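Written out below as structure tokens is the structure these notes cover.
Values in this text are rule-based calculations from the coordinates and carry no lab data. Since we're looking at a predicted model, the values are computed, not measured. All Cβ positions, glycine included, derive from the backbone under ideal geometry; neighbour counts span all protein chains shown.
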Amino acid sequence: MSTVNEKIAGQIQQIATQLLESKEVALFLGYTQGTVPGAMQPFVARDVEDAKRLSWSSFCVVNLANYLPGLLRSLEPPRRPNEPPPEGPLPKVGVVATGCWSRNMVVQIQENQIDRERVVIVGVPSRGMVDRRKLQESVGQREITSIQEDDNSLLIRGNGFEKVINRWDVIRDNCQTCVHPDPVIYDRLVGSLSGDRNIPDRFRQVEEIEALSVEERWNWFQEEISSCIRCYACRNVCPLCYCPTCFVDDSRPQWVGKSKEQVDTALFHIVRAYHCAGRCTDCGSCESVCPMGIKMRLFTRKLQKDCLELFDFEPGLDPDIPLPLTTYSTSDPEDFILTQIRKGDEK
Amino acid sequence: MKPLAIEKTLVEDWLGDLCDDFDVFSPSMTKKGFYDWAPFQSGTGLQVPTGVPKSSIKTFFFPQPEVLFHFKASVSDPDAYRLKEPDCQERKALLFGVRPCDARSVVLNSMPYEPDPYFQARRKNTLIVGLLCKESCSTCFCKWTGGSPTGREGMDLALMELEDSYLVEPVSERGQALISSTIFRKPKEQEISLVQELYARKNGEDAASTLRGKELMALYEAPFWNQVSQSCINCGTCTFLCPTCYCFDIQDETLRGKGRRIRYWDSCMFPLFTQHASGHNPRGDKIKRVRNRFMHKFKYFPDRFGPVSCVGCGRCVRDCPVNIDIRQVLSNMLGV
């Protein structure tokens, strides 16, 4: 009996083989097995032989939408920065997409970063991906030498220990609170759709922080980012971050200092989060790839909550509904522009 | 210099005493669930993780940022634009529990930084108490890069963990001076023979050094770079966690008439690293940047200085967001 993931991997291989063989796509973007336990590597298959290496597991934590604009560009004839693309059909890319990844593709389409006609999306309803920090914690930070995945459990082995853990217990926070696990747009489907999930307290983590006083919240934020090494893995893995020159790289004017001074790190994280407002799908890639374990996903999660409460909007669900920050209506709420201090609440 | 021994139960007392003369740092479990360098605190229990802590000890030699000098930027000031050396009267630092790979990285970094007064001052000011490795992690590969789990290069003292004690071997004069206290005793014969057994373990082949003989252009144009770079997201995780990545950028920061010139970490993974003022970028594409990282470590650096610029600590393997495994790249390079 093969596991759910093995079946998914098999179907992805099959679809990719067919797409590559028929020349419908020039490249197929998916995942392949990594070299250390629990690591999966984003992988571009160029031919049928490569397609055999495609795989799937609960460790596919990097949002593949991130690679799409670059991959599509790599298939276009070289041109100057502002020159329009050449006329006529351009080569296509096949790509695997879970719920959130497909929603990011919708945002990319809305923001003219990818052309829907040039991507063949292979939808995979997501069962949630594993948080390797939770996994490490579950074995008391001991070194893991192998992980064997079953449908609902993980068999973890290390030097002198072996442990079976419940898969859902170590699933990432964003996946545990995800209400849209199914791909929103797709051309092929692997498995069957599971439908939206109902999670009443899905913003609980944000509410806990909201309940703190201003000072406590600031301290929490400072503490959270204190270990940041400014490697920009969070920025670079994000499918929303595609500016030709990021504000942190600008030198005229220089918006933000470059070293590890706390004030600069804080500014980077605040501005990064705000750039994602109304666009972030909570795919959790930023948090998954952070080498220093910063929970920066909570910053964008707060903005998602605001966006939902203020504009009744969740990004990437419908290509026809414009992103809230690219449009306006006269009925938009504006009372948040000034902070209201109720009488008696002044400090 | 003869080895001594110390009971495990006394190590904390010893480090506590050293705190009088040094800022002592040791690996410690962070709130985030990994080991990282932190000031040693008596009474909290000494933690000795297998393998290397999250950050390398380069954080002690290349501070973020290094202030190169101060200046005043107001024209009316008679001292305007006169450069003032930064205050460098820091206390001496002592790093406890440094693994052989990290200790060796300081020696390698010293080669390009030989004429650099800032680095050399910190090196003079920082003592390294090493901890030799009995076990390796799955991401360790020091043997491939000319190192060894029991290598003592770069250390002042080398400790080997035994059942209830550590065998302490002075490697430098200043290391010797650290163990004059009566806490240390003469090692038992059995302790010495145990350690010698560990030292005698075979090191395997120093695979990386063979790269020096490889033809530069054949490596440069090898087809595998495309596949390696394809999954890279061009972040700085590998370079910033790497103990032997030492590249920097320099900037002047001025605020309200006061200024300073700082040196801070840069990464060859970032496009800005090679961006010219003209706008031209010789490493404008991802593949060129990815290739450079490995070529620098395994070809350019050894061609110039001898050893490869990698100590096999495995941090980049452990934390690369997309699992680019330097061991695999090295194998690819060896296969050319």
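Key figures for this structure:
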read-out	value
Cα-based shape type of the range B:134-192, given that a ≥ b ≥ c are square roots of the gyration tensor eigenvalues and the cut on a/c is 1.5	oblate
Relative intensity, log₁₀ I(q)/I(0), of the range A:131-216 from a Debye sum that treats every alpha carbon as a point, q = 0.11, 0.12, 0.18, 0.19 Å⁻¹	-0.50, -0.58, -0.94, -0.97
Within the range B:1-41: backbone nitrogen closer than 11 Å to the B:I183 label point (7 Å, Cα to C-beta)	B:6-20
Partner aspartates and glutamates for B:K186 [C-alpha distance under 12 Å; skip if fewer than 8 residues away on the same chain]	B:E7, B:E169
Scaled radius of gyration (Cα, divided by 2.2 N^0.38 Å) that the range B:139-283 gives	1.59
Under 18 Å from B:K288, Cα to Cα: lysines that are on another chain or at least 8 residues apart	B:K297, B:K299
Amide hydrogen neighbours beyond the local backbone of A:C60, cut-off 5 Å, H modeled	A:V130
Residue-averaged 222 nm ellipticity for chain B, from DSSP H runs of 4+ at -39500 (n - 2.57), nearest 500	-7500 deg cm²/dmol
Solution diffusion estimate, µm²/s, Stokes-Einstein, the protein assembly as shown, Kirkwood Rh from C-alpha pairs, 4 °C, viscosity 1.567 mPa s	47
Alpha-carbon gyration tensor eigenvalues x 5, square-rooted, for the range B:1-121, Å	35, 17, 16
Loop chymotrypsin sites (Phe, Trp or Tyr not before Pro), the range A:207-268 (other Cβ atoms within 10 Å of the site Cβ: 16 or fewer; DSSP)	A:Y242, A:F247, A:W255
Between the range B:1-64 and the range B:233-303, the alpha-carbon center distance in angstrom	30
Cα gyration tensor of the range B:206-336 - equivalent ellipsoid semi-axes, whole Å, descending	28, 16, 15
Spatially proximal lysines relative to B:K72 (Cα-Cα < 19 Å; intrachain offsets below 8 disregarded)	B:K84, B:K258
Cα shape, chain B, gyration tensor, a/c 1.5 rule	oblate
Footprinting exposure proxy for B:I57, A:I225, A:I321 (fewest neighbouring C-beta atoms within 10 Å first)	A:I321, A:I225, B:I57
Of A:K134/B:K54; A:K23/A:K52; A:K260/B:K31; A:K52/A:K134, pairs whose Cα-Cα distance is over 26 Å	A:K52/A:K134
Sparsely packed GluC sites (Glu not before Pro) within the range A:110-175, loop by DSSP, other Cβ within 10 Å at most 11	none
Cα-based equivalent ellipsoid of chain A: semi-axis lengths in Å, sorted from largest, via gyration tensor	33, 28, 20
Relative contact order (%) - chain B, alpha-carbon pairs under 8 angstrom, separation at least six	21
Of the trypsin sites (Lys or Arg not before Pro) in the range B:1-109, those whose Cβ has at most 13 other Cβ within 10 Å and which sit in DSSP loop	B:K31, B:R82, B:R91
Chain lengthening between A:Y242 and A:R217 when straightened (0.36 nm per residue, less Cα-Cα)	6.0 nm
